[in-house]
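No lab work stands behind these numbers, since they all come straight from the coordinates. Bear in mind the structure is a predicted one, so any value in this text is a computation, not a measurement. Cβ placement follows ideal geometry from the backbone for every residue including glycine, while neighbour counts extend to all protein chains displayed.
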Ligand code: HEM
């Protein structure tokens, strides 16, 4: 996952606490299992360094994350929006907060909705819109290889996977134990912020009365 993922920060708001380094003996968000694949910390550090040179102690890391996320969307041909600033950086970072509040990759859309989104005051439409964040970026094969090779212990692929997409994914993720290969989450357009991700999402999600386009 990139730095975009914790921006949603389902736990404590967008306070940049993911950037804090852990104190010895106290596991923090950065070291939490769902965050171990996060990349992009160096980018934020470089922006912070320049800003500290220009105006020390003024721009928070939480504002930098929000501004960088917007700029990435613009640079990848997505829309522009004004980002209000003035966020304060969090000072607390606890591994368990990430573990308990970030949905794991194997969750289905319905369980995500009821277990994570609705309790946070977000509805089905919010979930669909936010998942559109996957128009950018890549995923490790290990996040979904069980669905290609051994779905729920059957040693067979997930029967709900698109029959044309399955061989393409198996071609990239050649073994169930591959932990390093990255695949595009929005095939053919993973560096463009567009709506084509929705063309690849499961038909069941698109036709559901809760998530259908109104
Ligand atoms: C239902 C909640 C979500 C689940 C289960 C989920 C799951 C995942 C998984 C499994 C990956 C691949 C991680 C890896 O292998 O490194 C990923 C990556 C990513 N996610 Fe999510 N995600 C969720 C919500 C979101 C939201 C709300 C956004 C943005 C608004 C988002 C944006 C991204 C991006 C941009 C990447 C690509 C990261 C990269 O290329 O480094 N995700 N997500």
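Here are a few things to note about the model shown:
- Fully extending the segment from residue 111 to residue 36 would add 24.7 nm, taking 0.36 nm per residue of separation and subtracting the current Cα-Cα distance.
- Separation of the residue 144 and residue 120 label points, Cα + 7 Å toward Cβ, nm: 2.0
- Each part gets one Cα centre, and for the range 95-145 versus the range 47-66 those centres are 29 Å apart.
- Size of the range 100-197 from its Cα atoms: along the principal axes, largest to smallest, the extents are 39, 33, 24 Å.
- Radius of gyration, Dmax [the range 25-70; alpha carbons; angstrom]: 12.7, 36
- Rounded tilt (10° steps) of 61-75 against the dominant C-alpha axis of the chain: 50
- Residue order for 70, 87, 46, fewest other beta carbons within 10 angstrom first, comes to 46, 70, 87.
- Degrees, to the nearest 10: 41-54 long Cα axis against longest axis of the chain: 20
- Compactness of the range 95-146, expressed as Rg and Dmax over alpha-carbon positions, Å: 12.0, 31
- Net length gained if the chain between residue 163 and residue 130 were fully extended (0.36 nm per residue, minus Cα distance): 9.3 nm
- Highest to lowest packing among 113-126, 93-106, scored as the average C-beta count within 10 Å: 93-106, 113-126
- Of 89, 194, 45, the one that fluctuates the most in a GNM where the chain has Cα springs shorter than 10 Å: 45
- Protection proxy ranking, highest mean first, for peptides 52-63, 128-139: 128-139, 52-63, where packing is the per-residue count of other beta-carbon atoms within 10 Å, averaged.
- Seen through its C-alpha gyration tensor, with square-root eigenvalues sorted a ≥ b ≥ c, the chain comes out prolate because a/c lies at 1.5 or above while a/b is bigger than b/c.
- Reference-scaled alpha-carbon Rg (2.2 N^0.38 Å with N residues) for the range 4-100: 1.10
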